[in-house]
């Protein structure tokens, strides 16, 4: 008997990686860190609000809504986003980036008070020796900045996430002193950062393992650990998954991976992989809209071959591949059509398989296309389209196919 379970032998589950024990949380950095890309256009407040609502639908837990210390305009926009979260009674929580200085924290306090919601202060400071040397910082100065900033934020009723930039190139002793100082003064989250995309999966397990031991040995309880990674070596999605395996509570990312240099970890790809791994149950049918609107609002094009939401992700015109998908459709089995030539089921992400016609296509592509458009697949018409497709250097557009049909004798 044919069943779904015996149609695919899944090597990924022969020795299955256990799902992390902790609840997996996501922090969306699209509206702040993502906009530091040299190539982006900053969305309007209304556009940011639309993206916030899509984040909510996707089950994202929190969003960085700005760095209000950057100036009056940014502070005003950030307040509008906080008010939207409050007014719409959204589940998503707000956080704001801030240097470890009171001048940056004060606007966050004001935004939290005016919006009437908690706004987490993400207080960041560089932690690696190379950064300390470039800035002429001593560890004592950094510890003093940390102590004052965290104490000021918490005394003004802000929850604090303490962020060490460039953690993945920092000395263990410095990390320990910085984190414990922040925690002693009220930080309830610490964020481990791969600011320049330096670390590998092996390094993740060493670093997060060290931090977990440090917290345990220090008797620290009820402090969560975040992971923030960049994609300079193309490892950001893999690294985020490894960070979750190593025990972090929340991973950060941006839509389409937008961000400084080559970008942040693509949050959309993280969500897709974790869903397919069975680690999360988020409804991701709005993922395409989230990515498409981010692309439109920021003027960052989605590459045709981008995973899941790229134009080519679920399209095929190759004869053998298309024929297999068509046979699945003819069986009336959408589950089969979604998987026979795809490792990602399109329907789980609000999309569908598409059969196109081009120079690599067979006649079955044409017959299927015609049937999908309620047009009789007469042999001569199929032959005429087939002939044009073979002459073409690319896929035929729907308009080009329709022009062939229009010129065909009735």
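Every read-out reported here was derived from the displayed coordinates using simple, explicitly stated rules and does not represent laboratory data. Please read these numbers as outputs of a predicted model, since none were measured by experiment. With ideal geometry, Cβ positions are generated from the backbone for all residues, glycine too; neighbour counts draw on all protein chains shown.
Worth pointing out:
- Cα-based convex hull volume of the stretch 21-298 per residue, rounded to whole Å³: 120
- Peptides 334-342, 248-256, 236-244 ranked from most to least packed by the mean count of surrounding Cβ atoms within 10 Å: 248-256, 236-244, 334-342.
- Nearest-ten-degree value, helix 72-87 long axis tilted from longest Cα axis of the chain: 70
- Helix 267-276 axis, angle to the chain major axis (alpha carbon atoms, nearest 10°): 70
- Value at 222 nm in deg cm²/dmol, rounded to 500, when DSSP H runs of n ≥ 4 in the chain each add -39,500 (n - 2.57): -13500 deg cm²/dmol
- Peptides 353-362, 201-210 ordered by average Cβ neighbours within 10 Å, highest first: 353-362, 201-210
- Rounded if a/c under 1.5, otherwise prolate or oblate - the stretch 273-360, Cα gyration tensor axes: oblate
- Compactness of the stretch 41-167 as Cα Rg over 2.2 N^0.38 Å, two decimals: 1.11
- Zero-based 5 Å bins, Cα pair distances in the stretch 315-407, whole percents: 3, 14, 25, 24, 16, 11, 5, 1
- Cα-based helix-to-principal-axis angle, 102-115 vs the chain, degrees rounded to 10: 60
- Sorted peptide list for 6-12, 375-381, criterion being average Cβ within 10 angstrom, highest first: 375-381, 6-12
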